[in-house]
1. For ALA258, what charge total do you get from the other residues with a beta carbon under 12 Å from its beta carbon, if Lys and Arg give +1 and Asp and Glu give -1?
2. What's the FRET efficiency of VAL314 with ALA656 using the Cβ-Cβ distance as r and R₀ = 51 Å, to the nearest 0.05?
3. Accessible area per residue, 1.4 Å probe, Å², for the range 339-427: what's the number?
4. When we measure straight from the Cα of LYS654, which aspartates and glutamates land under 19 angstrom away, once same-chain ones fewer than 8 places off are left out?
5. Percent of accessible area on the range 258-308 owned by carbon and sulfur, 1.4 Å probe?
6. Could you give the length gained on full extension between ARG175 and LEU75, defined as 0.36 nm per residue of separation minus the Cα-Cα distance, in nm?
7. Using a simple spin-label model with points 7 Å from Cα along the Cα→Cβ vector, what separation in nm is obtained for ASP715 and LEU41?
8. Round to the nearest 10 and report in Å² the accessible area of PHE386, as given by a 1.4 Å probe over the protein chains' heavy atoms.
Amino acid sequence: MTQTDSPAPGATTPAAPDLGEWWALLRPWLLAAVGIALAALVGVALRHLLDEVHYAEVMATMDATPAPRIWAAVLATAFSYLALTRYDASALRYVGANVPRGTVLLTSFVAYALSNTIGLGPLSGGVVRMRLYSAAGVEPPQIARVIAFNAAAFGLGMVFFGAVGLLWGAHDVARLLHTQGWVIRLLAAAMLLLLVGLLWLCVRRRSVGIGRVWRLQLPPAELALRQLGISAIELAASATVLWLLLPVGKIPLAAFVAFYAIAVTAGIVSHVPGGVGVFETVMLLAAGNGVPRDAMLGALLLNRGVYYVLPLVVAAGLLIVYELRSGVVAPVGRMAVRLSPSLMAALTLIAGIWLIVSGVTPFTEDARDVLIALHVPLPVVEASHFLGSVAGLGLVLVARGLRHRLDVAWWIASALAIVAAVLALPKGIALHEAALLLTLAALLVVSRRQFDRRSSLLAQHLEPEWIVAIGGIVIACAWVLFFAYKEVAYSQALWWQFEIDGQAPRSLRALTAVALLALGYGLWQVLRPPAGALAAVTAEELDRAEAIIRANPSSDACYALVGDKHLMFSPSGRSFLMFGKHGRSWVALFGPFGDAREFADMAWQFIEMATDHGGRAAFYHVRPPMLPLLLDCGLHLFKLGEHAQVDLPGFDLKGASRANLRTAVNRAEREGLRFEIVDAAGVDALLPALRKVSDAWLAQHRSDEKAFSVGRFADDYLRRFAVAVVRRDDHLVAFANLLTTDVREEAALDLMRHVPDAPPGTMDFLMVRILQHFQAQGYRRFGLGMSPMAGMARRSGAPKWQRVARLVYEHGNGFYNFRGLRSFKDKFAPVWEARFLAAPRGLAAAFILADVTALIGGSKIPQKP
């Protein structure tokens, strides 16, 4: 693919965005604005709640927490995550999927460890489940239902847990909310009544819904009751973690249970990653006059470490164990190893935040005494404090690169983790900080093979969510700075105060450096110009692509030679990817072709290129083997239909099911039809006759040439492949161009056209002879193309997209012959393979499908200069 600073001849000119595109463009920024507003409200609330709380007192309460209670909290955490694995077990039973127990345990633990801590975009439990359960043989629609079941089960468990807590602690909740106890009990009773009604429905019905538009398959009553019990046990275990870290006897258990349920619900509704800040605010409100707020805040901080960070470290270590088992050949094991970059990114992000927070808070008196006793020079203390904070920002910035498996991000993260671990000692004898950083460095070293993408960090274009997240981290750390040093009066002299006890000036300088660097990086990301306009494909690029295609087993790659798509080559030149652009949609067809080792890098490179140009990336007509890679890129799957492939070694005309084909062949021969294969060298002389047939076919069907995912009558394209023709009295009556490669494993047809007065059965005769020809040549498969909207799930719990597509397939024959196309291909007894669209979720997928329709219709075809 070629890029120029100005539009090349024939390059597309971006169309003015419509209302939907404006919404798609502004949506991330609007959501970010809502997040900032929510964070501001939380900050104001925390400032009021912690007005009388001092940082030193919080640290003292954390240090005073008995070790046995911390270990008990760790055990409660393990029990909670073990209970969470039963969510997946119940969900898989609900969808009828049989998955080994070890796979369920691994998937559930890693998914919850990641989503509880981060839980956004590709760093979410849904992506983990989609990848590992797909490797275990579960179909994507089933996995989507597993994810939905888990969410619903957790919500219903929260209803039950919260209702019990409200009934039990109605008096304390009513007092805090300034209402009557009977109001709280009535609310709790209504919640329990809702659950009883749902269980009654599970006993009496298999599904509920509104006509044929929406239906929900209900689980059996026994499964629903069991899952309700699992949810209650899991929530009780997670609440026990925080309860064990609180001072004994300071808050009634009933009130604690009620407010814990409210706090968890508020954190989920807020959509803040991990509910950070929101959960803490509710629990601090719940403390009231019972628990000192410094003790509550200390317990909440310990709870974050025990229940959130520790499982993430364990999950990362678990995947590293798979990495070290060089003999792992099972698909689930290989897929688990491929997930390690996601966990490394999450862990690096947490380590970076820890370093920045550490830089804006004072070290303890004991650490001060050790530094003095060891005669650590003041410049070393100052430099380690300053550089440690900058290293923290560096880890935050490279976390996204680790998520994208960048080689350079691995080097930078490893170096920063080791350097920051060393600096943690003169910085304030921060042993826990050093231990986390060294653990991160060790995990990165062991997982080195997973970071194999050669790319520049400076070429990365951050999404709005990342920019806002970095800004939010800096603002939150500024809040922590003012909280930690609320007793210190600000003056300009602080900036120039350098002494061992000058902790506020040291933290102020560190935060200022972090803020300025983050601001500069963010402005550069927002204001930098796009990479340039796309140029049309050239004859030289088509020749390069053809060399790769000839050595490729897949006939799908041949569509690159139509000349109506852009081409992107890998740095080595061994692989390429074809794509089209319409509006803001950048749509790759099929996926990369060539060297499979370069596919991941090419997919990421394409997505990043689209992002750099302000577009949205998608992959159209994707085959199942490519799905794990695209899920790893954070895209979501939408089934498009099914592709027909004939198993050539098993093809024959015997049996009752092939009677119509035998009749068509016999009739064609009686009509004097003759079949012939014209090799590529002879196509040029045949082009006038082929064009005559093609024009007649287009006129009969009142159609224009299509593009993108189907071929078109273009001389240069047809000259590259053999053509199958049918003649009658030396007149050409039908033809089909044949897509083949030198591997001689898979063949396909593209254009298949005939004259209006061709004898009945001509196309059946042509297809049979083509299949017999390639069967004799030793080919394994022959592609008949896709049947759109076919093969959609009929179950009531199927994804909405598939339910809508099934209705279109069943009732849309007025504008497209869905059933007729499927019936024609079924005559040859093909094997049907699902094909997918991989695209961002939400409205973006709808806009992409509309743009794909325009591309197929021939809109904005780049012409060769």
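1. With Lys, Arg at +1 and Asp, Glu at -1, the neighbours total +1.
2. Given R0 = 51 Å and the Cβ-Cβ separation, E is 0.25.
3. Per-residue accessible area for the range 339-427 comes out at 32 Å².
4. Within the straight-line limit of under 19 Å, LYS654 reaches these aspartates and glutamates: GLU669, ASP764, ASP826.
5. Heavy-atom surface of the range 258-308 belonging to carbon and sulfur, 1.4 Å probe: 70 percent.
6. Residue separation times 0.36 nm, minus the Cα-Cα distance, leaves 32.6 nm.
7. 6.7
8. Ignoring ligands and nucleic acids, PHE386 comes out at about 80 Å².
The values are calculated or read from the model by the stated rules, or taken from the named source; none is laboratory data. Everything quoted here is computed from the prediction, not taken from an experiment. Positions of Cβ are generated from backbone atoms using ideal geometry, with glycine treated the same way; all protein chains shown enter the neighbour counts. Please note that ligands, DNA and RNA were not included when accessible areas were found on the heavy atoms of the full protein model with its side chains. Shrake-Rupley method; radii C 1.70, N 1.55, O 1.52, S 1.80 Å.
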